[in-house]
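Structure first, then comments.
The values are calculated or read from the model by the stated rules, or taken from the named source; none is laboratory data. Predicted, not measured: the structure shown is a model, and the values here were computed from it. Cβ atoms come from the backbone with ideal geometry, glycine included; neighbour counts cover every protein chain shown. These accessible areas exclude ligands, DNA and RNA; they are computed on the full protein's heavy atoms, side chains included. Shrake-Rupley method; radii C 1.70, N 1.55, O 1.52, S 1.80 Å.
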Amino acid sequence: MLFTILAVACGGPRHIRQQLDRAEILMDEHPDSALKILNPMDRRTLENPRTKARHALLLSQALDKNYIDVDNDSLIGEAVRYYSRCGSDVERAKAHYYYAVVKGNAAESGTAIKALLTAREYVEKTDDARMKGLVYTYLGNLYYEQFCFGDAATAYSEAVDAFKSTGQTFYLLYAMRRKGVSLSLIDKKPEALECLSEAKQIALEAKDTTSLLDVMASLGSIQLFLAEKTLQASYKQELLNIYTQYTENVIPLSHYPTIGYIYYNEGNLDSARWYYTNYYRQHPKITSLNVGIFSVMSEIENLAKNHEKALEYKQLYIQYSDSIDAILRKNLVSQQEGKLEIEYLKKEYAASRIVQRYELLSLVLISFLLIVGCCFLIVSHRKAIRRKNRKLAEYKRYIEEGNDHYIRLSKQYDEIKRDIHVQDERAQTLFTLLGNRIRSLQQLLEWASVYEKNTDSFYKHFKDHIKVAAGKNRELAEDVIAIANLSCNGIIDHLQANYPMLSLHELCYCGFICLGFSSESIRILYNHTNVYSIYTMRSKIRSKLGLTNQVQNLEEHILYLMKNLGRNMQ
């Protein structure tokens, strides 16, 4: 039972991921099947934000591909928020593209264009040519609706370049046809004809009848109004061949005005009248694109001497033209507003990119300063630790030497105490001196215990207590001289008698040598912070002792004197 429960628990998220993977595979070729997979999913059961964002993006994509217009951004907005933080460039581009589609459905063109500009920024970093083509195509559509035909032609041109590498002729032909129409509207008819002619050839090779008929209609709107009769005749023959080969000689309703105008140019008024009349009867909605049929119909009736009918069509043309002119004037204002809005959006987007770059530079600078500051603090801390470690090592060395001296003097003290029955002056003096030094060492050890966790305070007390620098701790210097003299065969008396120039502190230094102190210990006792400064005192002592030979060691000379004095005493 436990195994079954675990299998079901682990299988739920895995099943959802498999369903999403399947929907993504079916999306391009079978979007209806993808929608059937995605629609029933309960979003409340999705395991994490990533899965929810992926489902939202795929469902928005499926709805659009099934021609279901959504104008609420609650679904796609979740995908945009997630992928803006965590997604790849392709996912970010898709999320902003479908967000633009939703905003376009809601007639929020400005927001849609802004989203597409963001999608363009991301898709340019990828190799997804199809997505790039879709972004530029929809951007061209929005520019076209805003009467920015030049910007629309540029966007469609980018879409054409992208779709050419995908092999998807349907999207390519749509972009090429829209590009051709946009070019013709900005008076670039040669470029428009070149683009539409290339599109016609691609449609023929792909045997895409629907796209071919749309391209031919767009070509006719340019070629039939040119003065070149040979171009018009060539176009008519191409149309007839297409009808024969692809539509079984059935002329589409959308082509009726084109065929009617061909017959009008040829002087075949009855055929021209038939096509125009039937087009108007089946397509009574008049716009700025087809209002011209009344003008042509009026000319046909006028040439046929049907002046009353010609006047009726002329009045219809004037009536519709007036209403259309009002709409066009309104559209001109909208066109200017649209252009200004597009320019504003472009500038706003460019400004936002500059702000982002400055923010990034500021972040890098702040990060650099923080790193430098942290490195400085780490280096300073490590230096402080090294200084502390040196002090601790020095402190431990003082304690160890203190303990050694304490043990040694204690033994001497105990020996003298045992031999206390020898009541001569020398023994009494030595006994007293040893007692003083033992109490001094005991004081140091007590401080070591008290200041065990505060090495700086102990170090200060220690140095003040033991240093024998000029003018300080004369008692210690005299005790050291007395102890050295008593325990080392009267060496100090000998030095005083033979070398009267030696000072008290220089005699004390010689006493420390007799008692076995190291040069480092003596340097600390004399409070010489510079390692080499103790050699100044040694040099003076050597000079006063007459040791001019640099090879002869001071310690060896004093020890030599001690041995001679000892032999003489024997």
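Ratio of Rg to Rh for region 110-249, alpha carbon only, Kirkwood?
On the way: Rg = 16.0 Å, Rh = 15.7 Å.
On the Cα set of region 110-249, Rg over Rh gives 1.02.
With a sphere of radius 15 Å drawn around the Cβ of residue 14, what net charge do the other residues whose Cβ falls strictly inside it have (Lys, Arg +1; Asp, Glu -1)? Intermediate values should be presented prior to the final figure.
On the way: positive: 17, 22, 50, 54; negative: 21, 47.
Overall, the nearby charge balance is +2.
According to the Cα gyration tensor, what semi-axes, each the square root of 5 times an eigenvalue, does the equivalent ellipsoid of region 183-222 have, listed from largest to smallest in whole Å? Kindly include the intermediate steps, with their values, before the conclusion.
Working: eigenvalues 77, 20, 6 Å².
Ellipsoid semi-axes (Å, largest first): 20, 10, 6.
Using Cα pairs under 8 angstrom and six or more residues apart, how large is the relative contact order of region 234-323, in percent? Working shown, then result.
Details: 66 pairs, mean separation 17.8, N = 90.
In percent, rounded to a whole number, it is 20.
Compute the accessible area per residue over region 32-168, keeping the other protein chains in place, probe 1.4 Å, unit Å². Mind dumping the intermediate values first?
Numbers: 5910 Å² over 137 residues.
Per-residue value: 43 Å².
Under the classification rounded if a/c is under 1.5, otherwise prolate if a/b is larger than b/c and oblate if not, where does region 45-124 fall, given a ≥ b ≥ c as square roots of the Cα gyration tensor eigenvalues?
Numbers: a/c = 1.87, a/b = 1.17, b/c = 1.60.
Oblate is the answer for region 45-124, as a/c is 1.5 or above yet b/c matches or exceeds a/b.
For residue 19, put the label point 7 Å out on the Cα→Cβ axis and report which residues of region 67-96 keep their amide N under 13 Å from it.
In region 67-96, the label zone of residue 19 (backbone N under 13 Å from the point 7 Å along Cα→Cβ) covers no residue.
Taking the highest mean first, how do the peptides 107-114, 300-307 order by number of other beta carbon atoms within 10 angstrom per residue? Provide the component values of the computation, followed by the final result.
Details: 107-114: 18.6, 300-307: 15.1.
Highest mean packing first, the order is 107-114, 300-307.
Expressed as a whole percentage, what fraction of the accessible surface of region 162-241 belongs to carbon and sulfur atoms when a 1.4 Å probe is rolled over the protein heavy atoms?
On the way: 2150 of 4010 Å².
Within region 162-241, the accessible surface is 54 percent carbon and sulfur.
Distances longer than 15 Å among the Cα atoms of region 170-269: what percent of all pairs is that? Spell out each step's value before the answer.
Working: 2938 of 4950 pairs.
Cα-Cα pairs in region 170-269 separated by more than 15 Å: 59 percent.
When only C-alpha pairs under 8 Å and at least 6 residues apart count, what is the relative contact order of region 177-261, in percent? Don't skip to the end; give the middle numbers.
On the way: 57 pairs, mean separation 19.1, N = 85.
Relative contact order of region 177-261: 22 percent.
Over all pairs of distinct alpha carbons, what does the Kirkwood formula give as the hydrodynamic radius of region 481-542, in Å?
Details: mean 1/r = 0.0836 Å⁻¹.
Kirkwood radius, region 481-542: 12.0 Å.
When you count, for each residue, the other Cβ atoms within 10 Å and take the mean per peptide, how do 245-252, 478-485, 42-49, 202-209 rank with the highest first?
478-485, 202-209, 245-252, 42-49
With Cβ to Cβ distances under 15 Å as the rule, what net charge do the other residues near residue 31 carry (K, R +1; D, E -1)?
Details: positive: 22, 36, 65, 94, 130; negative: 24, 28, 29, 32, 64, 69.
Neighbour charge sum, excluding residue 31 itself: -1.
List, in the order given, every pair from 65/236; 114/189; 52/103; 36/114 whose Cα-Cα distance in the structure shown is over 24 Å.
Values: 65/236 36 Å; 114/189 30 Å; 52/103 21 Å; 36/114 31 Å.
Cα-Cα > 24 Å for 65/236; 114/189; 36/114; rest within.
R0 = 45 Å: FRET efficiency of residue 30 with residue 359, Cβ-based, nearest 0.05? Could you put the intermediate results ahead of the total?
Working: r = 44 Å, r/R0 = 0.97.
Here the calculated transfer efficiency is 0.55.
Given axes a ≥ b ≥ c from the Cα gyration tensor, I'd like to know whether region 117-183 is rounded (a/c under 1.5), prolate (a/b larger than b/c) or oblate. Intermediate values should be presented prior to the final figure.
Details: a/c = 2.46, a/b = 1.24, b/c = 1.98.
Oblate shape, in that a/c is at least 1.5 and b/c is the bigger or equal ratio.
Distance between the C-alpha centers of region 267-322 and region 202-223? Whole Å please.
Taking the Cα centre of each part, region 267-322 and region 202-223 sit 26 Å apart.
Using Cα-only point scatterers and the Debye equation, what is log10 of I(q)/I(0) for region 1-158 at each q in 0.18 Å⁻¹, rounded to two decimals?
Values returned for q = 0.18 Å⁻¹ are -1.09.
If you count, for each residue, the other Cβ atoms within 10 Å and average over each peptide, how do 91-99, 371-379, 490-498 line up from highest to lowest? Could the numbers behind the result be given before it?
Values: 91-99: 25.8, 371-379: 10.0, 490-498: 17.1.
Those peptides, ordered most packed to least, come out 91-99, 490-498, 371-379.
Leaving ligands, DNA and RNA out of it, work out the accessible area of residue 512 with a 1.4 Å probe and give it in Å² to the nearest 10.
We get 10 Å² for residue 512.
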